[in-house]
Structure formats: C-alpha cells, structure tokens
Amino acid sequence: MIIELGHFMLVLALALALIQSVVPIWGAQTNDSRLMAIASPIAIMQFLFVGLAFAALTHAYVTSDFSVQNVWENSHSTMPLLYKFTSVWGNHEGSMLLWVFILVIFSALVGAFGLNLPPKLKANTLAVQGWITAAFLLFVLLTSNPFHRIANAPIEGRDLNPILQDIGLAIHPPLLYLGYVGFSIAFSFSIAALLEGRIDAAWARWVRPWVLVAWGLLTLGIAMGSYWAYYELGWGGYWFWDPVENASFMPWLSGTALLHSAIVMEKRGALKVWTILLSILTFSLSLLGTFLVRSGVLTSVHAFATDPSRGVFILILLVAFIGGGLSLFAWRAPMLKQGGVFSPISREGSLVLNNLFLSAATAAVLVGTLYPLALEATTGAKISVGAPFFNATFGPMMVPLLIAVPVGPLLAWKRGDLFAAMQRLFIALGAAIFVTVLCYALINGGSALAPLGIGLAVWVMVGALAEMQLRIGLFKLPLGKSFSRLIGLPRTVFGAALGHFGLGMTLLGLIVASAYQTEDILVMKPGDQTSISGYTFQLDGFREHAEFNYVDLIGSFQVTKDGQQVAELHPAKRVYTSRNMPTTETAIHTIGGVTQLYLSLGDAQENNGIGVRIYYKPWVTFIWLGCVVMFIGGCFSISDRRLRIGAPARKGRAKQAAGTA
Amino acid sequence: MTFSLQPRVVYRLFAALLLALSFQLATGPAFAVKPDEMLEDPKLEARARDISEGLRCLVCQNQSIDDSDAPLARDLRILVRERLSKGDTDQRVKSFLVDRYGEFVLLKPTFSSKNLLLWAFGPLVLILGVMAIFLFYRRNRMIAQKAEVEGKNHLSEAEQERLNAILSDDEKA
C-alpha cells in the first residue's frame with residue numbers, strides 16, 4: 001500500500017511540476033502577480049510529494065519488501081540497516097529518484113529562501129526548474145519506475161552489489177548529485193534572465209551562492225568517490241579518466257569557470273553574456289553526464305542501440321534542454337547590454353584567462369569522452385581513449401592556469417600592475433624555487449619533472465596566502481593590528497585563499513604520490529618479511545572470520561621501521577556468500593596524517609602462500625585533504641555577509657559593490 | 001608534464017556505483033599483475049609494466065591490462081613479457097598487439113587522420129578562445145575610446161543645465 005502511495009505521490013508531483021512549468025511564466029508575461037506567486041508554494045509542495053515517494057521506497061527497503069521488484073533486485077534481508085538505506089540509490093531507478101528529489105530540494109530552497117528576488121525573475125526561474133522536474137519525473141515514471149510490484153513476492157532478495165556495501169555509497173552519490181543537480185539553479189536563473197531580457201550585476205549575486213553550493217558539494221563528492229575507489233579496489237589508484245569519472249569532472253571544471261566569471265559579473269558588471277552561456281553549458285554537462293551514465297551508452301554503443309528506451313528518452317531531454325537553452329541564448333544574448341571595460345592585465349583579465357584554460361581543458365576531456373562513442377557510431381571503428389591521452393592534452397592546459405592562480409587576486413580591478421603583483425609574490429616565488437632546488441638536491445630517482453611540479457604546487461599554496469598577507473599588512477604592521485585586520489577581512493577573501501591553497505595541496509599530493517610511490521608485489525607465507533621505503537612488513541599468519549553475509553580471509557601483518565613497531569595491519573580477502581563474489585578489503589595505515597602504507601591481499605597460492613600488494617604512498621592524503629580545504633573555502637565564501645543577506649535591493653547594491661571592489 | 005594522474009584505478013567501482021545498472025557489470029575487485037607473471041629482470045619488468053599500462057584489456061571497460069584481472073588481460077601480460085624477453089623493442093611489442101587486435105588495444109589513440117579531431121579539439125578551443133578574447137579586448141578598447149571622445153564632446157543633460165546655470169550666474173555678475 002505504501003508503495004502504491006509513493007507511486008501516486010510521484011504522479012501528483014508530475015502534475016504539480018506541469019503547473020509550475022506554465023503558470024508562473026504566464027504570470028510573468030502578463031504581469032499577473034497572483035499567477036507568479038504560486039511558483040513558490042508549488043515548488044515546496046513538489047518537494048513534499050517527491051520526498052514522500054522517496055520515503056515510501058526507503059520504507060520498502062528498510063522493511064525488505066521483496067514484492068517490489070527494485071527492492072528484490074538490490075537488497076537482502078540480512079544486510080545491515082545502513083546498507084538497506086543506501087541501496088535505495090544503489091541502482092538505476094532509485095538513483096534517478098534521488099536525482100529528481102535533489103532537484104526539487106533545490107527548487108524548494110529557491111522558493112522558500114528567495115524572498116527578496118524580484119518576482120518575475122523568481123517566477124521564471126522556478127518555471128524553468130519545473131520544466132526540468134517534469135521531464136525527469138516523466139523519465140522516472142515511464143522508463144525507470146522503482147515502484148513496480150512482482151506478482152508472487154520472492155522470499156529473499158538478490159542482495160546489493162558487494163562493492164557498494166560500503167559507507168562510501170552513503171556519502172558519494174548524494175554529494176555528487178547535490179553538486180551536479182545544483183547547477184540546475186544556475187541554468188534556470190540564466191534561462192529566466194534570457195526570457196526576461198534583462199540581467200545585471202545583482203543577478204550574479206543571487207546566482208553565486210547557488211553556484212558555490214553546487215561547486216563545493218561536487219568537489220567533495222568527486223574527492224569522496226576517488227578515495228572510495230582508492231581504498232575499495234586494492235590497486236592504490238585514485239583517478240583513471242574513465243568516462244563515468246569524466247562525466248562528473250566536466251561539470252566541475254566548467255562550474256569552476258562559472259564560479260570565477262560570476263565574480264567578474266557581480267563586481268564589475270562585465271562578462272554577462274559569457275556567464276550566462278557558461279551556466280547553460282555547465283548544467284548541460286551535468287545532463288550529458290546523466291545521459292552517459294544512465295543510458296548504458298558507455299557499456300556499448302550496440303547495447304544502447306538494441307535497448308534504447310531509456311537512452312533515447314534522456315537523449316531527447318538532453319537535446320531539448322541543451323538545444324533549447326542555447327537557441328534561446330543565441331536569440332536573446334545579443335540584446336543584453338555589455339558593461340564594464342577592463343584591460344587585459346587586471347583582475348577581470350586574469351579571470352578571463354582562468355575561464356579560457358578551464359574551458360579548453362573541459363573541451364579536451366569532453367572530446368576524449370565522446371570521441372570513441374561518436375567514431376564507433378559513425379564509422380564502426382573502435383578506439384580507446386585512456387589516461388595517456390588525457391595526461392597529454394589536459395595536463396599542459398593546467399600548467400599555465402596554475403602558474404597564474406596566485407597572480408590574479410593581486411591585480412587590481414580594471415587595470416592592474418603585473419610587475420607590482422609579482423613583487424608581492426616574491427615570498428611565494430622564493431619558496432617555490434627553494435623547494436624545487438631542495439628536491440633536486442635531496443631526492444634520487446623518481447621523475448625528473450617532479451621537483452618542478454612540487455615547486456609549482458608550493459607556488460600555488462604560498463601564493464594563495466599572498467592576498468591575505470597583503471591585506472592584513474603582515475610583517476609590515478604590528479602583529480596585533482594585523483590580527484584585528486585579519487578578523488575584519490571579508491570572508492570571500494578567506495574563501496579564495498583556501499580554495500587556491502587546497503588546489504595547491506591536491507596538486508602536491510598528486511605529484512608526490514605518483515612520482516615517489518614504491519610498491520612490491522609478491523607471494524608471502526606466514527613468517528615472511530619484505531621491506532619497502534624503510535618499512536618492514538612481516539606476515540604473521542592468516543585466519544578466517546565469518547559474518548552473516550560474508551567470509552573474510554584476514555592476513556595479519558606487523559609493520560616495523562628501524563626495529564620499532566609502526567602498525568599492525570589486517571587486510572582481508574572477502575567473499576560475499578549470497579552472490580559468491582570476492583572483494584578486497586585493503587588495510588591502510590596513515591603516517592603523520594599524510595603518507596600512507598597500503599596493503600591488499602590477492603589470491604591464496606600453493607604451499608600456504610598468499611599474493612600481497614604493498615604500496616608506500618608519500619603524501620597521498622593531500623589529494624583529498626586539498627579537496628576538503630577547497631570545500632571549506634567554498635563555505636567561507638558562501639557565508640560572506642554580502643551573499644548571506646542574499647539579494648540586496650538593486651539600489652543598495654551599487655553602493656555596497658563600490659565599497660568592496 | 002608533471003600532472004600525471006595515476007591511471008590505475010579500475011572501472012568497475014564507478015561502473016557499479018554510478019551506473020548501478022546491473023550486478024553483472026561489477027564482478028569483484030581483482031588483483032591485476034600476479035607475482036608469478038613477473039619477470040626476473042627488474043628493468044625488463046619495469047618496461048613490461050610501462051607497456052601494460054598503455055594497453056587496454058579488450059574485454060573490460062577502459063581498463064588497462066595492468067589493472068585487470070580478466071583472464072585475457074593475464075594472457076596479454078604474459079604475451080608482452082614473452083616478446084620483451086625475446087628482445088623486442090617497446091614499439092615492436094605494441095605494433096605486434098595492434099596488428100593482432102586493432103587500434104582498440106591502445107589506450108593512447110594514434111595520431112592518425114581519423115583521430116585528428118580528437119587530438120586537435122582541445123587545442124582548437126584554446127586557440128579560438130584566445131582569438132575571441134583578442135576581439136573582446138579590441139572592442140573593449142574601442143568602446144572605451146568612444147566613451148572618452150563622447151565624454152569630451154557631449155555633456156549629460158544635468159551637466160548641461162549646471163553649465164548653463166554657471167554661465168548665467170557669470171552673466172549676472
């Protein structure tokens with residue numbers, strides 16, 4: 001019964017979404033404030049209905065109701081409660097429901113908190129959200145309905161894919177979706193602005209918090225997914241330029257560009273047209289990612305052709321939204337007034353440069369992801385595009401961008417002085433050169449380019465703090481005065497500094513971990529020892545351990561350095577009984593919060609031996625800690641007073657902007 | 001180029017996780033290079049690892065044979081090592097495999113005419129972007145100059161009024 005109610009709620013939500021798609025926009029056209037005013041309550045009601053549908057499905061999972069096909073396919077009565085919750089979205093239908101749920105959460109937030117938005121902009125924005133919601137609700141109801149019943153309910157479910165039985169599933173997909181669906185708000189605001197034919201700096205300020213929220217959560221979601229892959233898979237790898245990863249990385253890249261161009265628009269009223277285009281493109285990339293992942297086109301072009309119902313549906317949505325968005329843009333954008341003149345060497349100029357490189361990098365990732373599909377579909381020729389391609393095309397575009405990162409914030413708006421900015425960065429430059437030389441002098445082996453990369457990372461990290469140091473007068477004023485100035489700084493300054501600092505950290509982690517990692521692959525028997533990078537690993541023995549849904553073969557290792565015990569590690573080879581599927585449970589020991597010893601077990605060999613993989617991964621945690629720091633930077637920026645009070649009145653805004661510019 | 005990301009994570013987790021389409025996609029995680037396959041000579045083994053990372057396991061999804069535990073990947077790994085032990089150069093090992101399995105086996109596509117767009121697209125966007133920015137700044141400068149010229153020649157209504165007022169004051173005085 002609850003399942004049927006859930007299904008019904010979803011249909012009701014669709015009906016509401018259809019009303020929301022039409023009525024507010026009609027109101028905006030005819031200047032009818034009553035029609036415009038229904039947008040917010042309808043958005044909130046939709047959130048309620050989709051939420052109830054989601055709750056109904058969750059209820060079926062928690063109570064192991066195997067008469068629901070989706071539950072039967074993806075759950076098992078003996079699973080721990082946490083995984084019963086998370087398996088709701090550990091499958092196609094459920095994850096699409098989550099997608100729509102997050103979409104309506106964002107609409108409801110705009111409805112509930114966008115109180116000081118101009119009524120027309122708000123009505124149009126919510127109407128566009130209504131289009132997206134209606135389209136995806138139709139997709140769920142027609143092609144991916146999670147509420148199907150089975151006539152004779154099976155007694156036991158087929159279990160969740162063991163790889164997904166991990167805390168990672170609880171965190172990664174929701175974060176990722178919050179990020180990529182969050183960009184829908186920027187898209188809707190842009191379409192609304194185009195419909196209305198007016199856009200100004202205040203628009204940028206209303207959109208920026210939403211972009212920041214989506215960007216921050218996407219950053220965290222990608223990092224979380226990468227760390228999950230790292231510990232779950234047992235290879236010690238964290239990124240491999242797979243199409244599914246690229247699908248989430250592309251919106252991140254263009255979202256990062258959007259974040260920066262919106263600053264120019266807010267502060268200087270320039271780059272309006274470009275910012276609008278970028279918000280359309282960013283959400284288009286989110287939709288493209290959804291298409292790639294959900295249609296099955298990646299598995300095989302042929303599989304897609306034989307069972308195209310879902311794929312074609314999303315493809316139509318994709319064409320409608322991207323094509324419609326871009327057509328509207330082409331039609332309306334020339335009518336938007338350009339503002340704010342600036343010279344190439346200026347804060348704006350540096351942000352244009354940022355956008356240039358990020359866009360080109362996005363294009364490189366996009367073509368690498370789609371080209372093999374397009375080539376196979378058109379000529380039948382099959383090629384593979386893997387990591388070596390992306391390292392060769394994406395990498396070189398990042399280097400000039402990273403070099404420019406610390407310089408940008410030190411340039412003045414409108415017309416900057418590059419020489420003066422460089423003078424202010426002499427500490428960062430000195431630190432970078434010092435560290436590079438030190439690396440060349442002290443480290444033997446590894447890549448010859450690695451010390452340069454490390455120098456670049458240090459440049460980005462130290463340089464990220466230069467703006468703050470300058471503004472608080474550190475080393476120039478007495479410490480107490482500097483400190484009081486530090487407290488008085490706008491939070492966006494902290495946000496930018498932390499964001500850039502985190503980027504440097506991630507870069508540092510990537511370079512050090514890939515250039516200086518060591519590994520050993522061998523067969524060990526109880527009592528055997530091996531050493532890598534000064535750490536000795538001794539296998540004491542193994543034992544079996546059975547849980548209700550899996551059996552572990554656990555190895556026991558003593559790790560020592562210079563005779564001192566460092567850790568005792570217990571990697572395991574796990575077999576899930578219901579599907580008879582093996583997984584690897586790696587054992588990771590973190591030294592000093594940065595470097596990791598990574599141990600995973602392979603197959604049992606003859607003579608009581610077992611395959612063992614050991615990695616020494618220096619500074620590897622920086623990769624993910626850097627992302628966390630970027631996220632925190634995003635939080636600082638959102639909490640800035642100017643954004644927190646959200647939508648300023650159009651008159652008051654000019655004064656404020658002048659005060660902070 | 002130092003921004004080389006470790007390519008050795010496997011497709012499967014993400015396939016399972018994000019696709020979450022079917023369970024068949026994700027069989028268990030694996031243990032790619034096995035100790036018994038490895039060559040005695042560490043230099044030769046390092047070369048074999050290097051080559052393996054650039055070769056695709058044909059039955060997997062975008063996964064190199066170095067990462068994959070599929071039986072075919074194992075066969076290919078052993079094949080690569082055999083050829084190397086017989087004294088083949090890296091290039092000959094690769095072309096041997098391409099002859100046998102087609103370009104699909106290479107994770108780094110060749111620089112051939114059919115891949116022209118693939119390799120050129122990113123740089124092309126960069127170049128077009130630079131051109132667009134150049135035009136943008138040129139127009140920007142023109143607007144600025146025009147504004148300056150207009151600023152010299154024309155006064156706004158308010159300014160004109162004030163000017164008139166001042167002038168008329170002068171006349172009175």
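The values are calculated or read from the model by the stated rules, or taken from the named source; none is laboratory data. In this text, all values refer to a predicted model and were calculated from it rather than measured experimentally. For neighbour counting, all protein chains shown are included, and Cβ atoms are generated from backbone atoms with ideal geometry for every residue, glycine included.
Some points to look at:
- From the options A:TYR231, A:TYR227, residue that is at pLDDT below 90 and surrounded by fewer than 23 Cβ atoms within 10 Å (Cβ to Cβ): A:TYR231
Residue-wise test of (1) more than 30 Å from A:ILE638 (Cβ to Cβ); (2) aromatic (Phe, Trp, Tyr).
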position	(1), (2)
A:LEU489	no, no
A:PHE494	no, yes
A:HIS500	no, no
A:THR506	no, no
A:ASP520	yes, no
A:LEU553	yes, no
A:GLN565	yes, no
A:ARG579	yes, no
A:THR595	yes, no
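- Going through (1) surrounded by fewer than 24 Cβ atoms within 10 Å (Cβ to Cβ); (2) in a helix (DSSP H, G or I); (3) over 16 Å from the mean Cα position of the chain (by Cα) one by one, A:LEU220 falls short only on (3).
- Scanning the range A:373-389 for residues that are assigned to a helix (DSSP H, G or I) and within 8 Å of another protein chain (Cβ to nearest Cβ) gives A:LEU375, A:THR379, A:ALA387, A:PRO388, A:PHE389.
Residues checked against (1) surrounded by fewer than 24 Cβ atoms within 10 Å (Cβ to Cβ); (2) touching a Pro at 6+ places or on another chain (Cβ under 6 Å); (3) at pLDDT 95 or above; (4) outside the structural domain of A:ASP32 (by TED's automatic domain parsing):
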{"position": "A:PRO80", "(1), (2), (3), (4)": "yes, no, no, no"}
{"position": "A:PHE85", "(1), (2), (3), (4)": "yes, no, no, no"}
{"position": "A:LEU103", "(1), (2), (3), (4)": "no, no, yes, no"}
{"position": "A:GLY111", "(1), (2), (3), (4)": "no, no, no, no"}
{"position": "A:LEU115", "(1), (2), (3), (4)": "yes, no, no, no"}
{"position": "A:LYS122", "(1), (2), (3), (4)": "no, no, no, no"}
{"position": "A:GLN129", "(1), (2), (3), (4)": "no, no, yes, no"}
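- Residue in the range A:133-151 that is touching a strand residue (DSSP E or B) at 6+ places or on another chain (Cβ under 7 Å), farther than 13 Å from A:TRP89 by Cα and at pLDDT below 85 present: no
- Tally of residues being hydrophobic (A, V, I, L, M, F, W, C), at pLDDT 85 or above and touching a Ser or Thr at 6+ places or on another chain (Cβ under 7 Å) across the range A:462-495: 0
- Flag if A:SER514 is surrounded by 15 or more Cβ atoms within 10 Å (Cβ to Cβ), within 32 Å of the chain's Cα centre (by Cα) and of a type outside the set (A, V, I, L, M): yes
- Selection status of A:THR536, away from chain B (no Cβ under 13 Å), more than 30 Å from A:HIS76 (Cβ to Cβ), touching a residue at least 12 places away in the same chain (Cβ under 8 Å) and not in a helix (DSSP H, G or I): yes
- Some residue of the range A:404-419 being surrounded by fewer than 21 Cβ atoms within 10 Å (Cβ to Cβ), facing chain B (nearest Cβ under 10 Å) and without any contact (Cβ under 8 Å) to a residue 60 or more places away in the chain: no
- Residue in the range A:270-283 that is among the charged types (D, E, K, R), outside any helix (DSSP H, G or I), modelled with pLDDT under 95 and within 21 Å of A:THR125 (Cα to Cα) present: no
- Across the range B:67-79, the qualifying residues are those that are modelled with pLDDT of 85 or more and either surrounded by fewer than 17 Cβ atoms within 10 Å (Cβ to Cβ) or not in a helix (DSSP H, G or I) (or both), and the one among them that is nearest to the other protein chains (Cβ to nearest Cβ) is B:ILE78.
- Filter result (within 22 Å of A:PRO372 (Cα to Cα) and free of Cβ contacts under 8 Å to residues at least 60 places away in the same chain) within the range A:240-271: A:ASP242, A:VAL244, A:GLU245
- Residue list for the range B:50-66, restricted to those being modelled with pLDDT of 85 or more, within 13 Å of B:ARG81 (Cα to Cα), of a type outside the set (A, V, I, L, M) and surrounded by 20 or more Cβ atoms within 10 Å (Cβ to Cβ): B:SER52
- The single condition among (1) among the acidic types (Asp, Glu); (2) loosely packed, with under 14 Cβ neighbours inside 10 Å; (3) touching a Phe, Trp or Tyr at 6+ places or on another chain (Cβ under 7 Å) that A:GLU547 does not satisfy is (3).
- Residue match in the range A:435-445 (condition: at pLDDT 85 or above, outside the structural domain of A:MET79 (by TED's automatic domain parsing) and part of a loop (DSSP other than H, G, I, E, B)): no
- Helices (runs of 4 or more DSSP H) (entirely within the range A:24-136) containing at least 1 residues that are more than 29 Å from A:GLY168 (Cβ to Cβ): A:33-37, A:39-62, A:92-113
- Residues that are buried (at least 16 other Cβ atoms within 10 Å of the Cβ) and of a type in the set (A, V, I, L, M) were ranked within the range B:80-120; the one that is nearest to the other protein chains (Cβ to nearest Cβ) is B:LEU107.
- Residues that are hydroxyl-bearing (Ser, Thr, Tyr) and facing chain A (nearest Cβ under 8 Å), drawn from the range B:52-66: B:SER64
- Condition broken by A:VAL297, with the remaining ones in (1) at pLDDT below 85; (2) assigned to a helix (DSSP H, G or I); (3) closer than 30 Å to B:LYS108 by Cβ; (4) of a type outside the set (Gly, Ala, Ser) satisfied: (2)
- A:GLY527 meets each of the listed conditions (1) away from chain B (no Cβ under 12 Å); (2) part of a helix (DSSP H, G or I) apart from (2).
- Selected residue (only one of A:VAL352, A:VAL341 is out of contact with any strand residue (DSSP E or B) (no Cβ under 6 Å at 6 or more places or on another chain), farther than 17 Å from A:LEU218 by Cβ, facing chain B (nearest Cβ under 10 Å) and in a helix (DSSP H, G or I)): A:VAL352
- Residue among A:SER248, A:SER295, A:SER327, A:SER309 that is hydroxyl-bearing (Ser, Thr, Tyr), farther than 17 Å from A:GLY179 by Cα and within 13 Å of another protein chain (Cβ to nearest Cβ): A:SER295
- Lone qualifier among A:PHE390, A:PHE394 - being out of contact with any Phe, Trp or Tyr (no Cβ under 7 Å at 6 or more places or on another chain) and of a type in the set (A, V, I, L, M, F, W, C): A:PHE394
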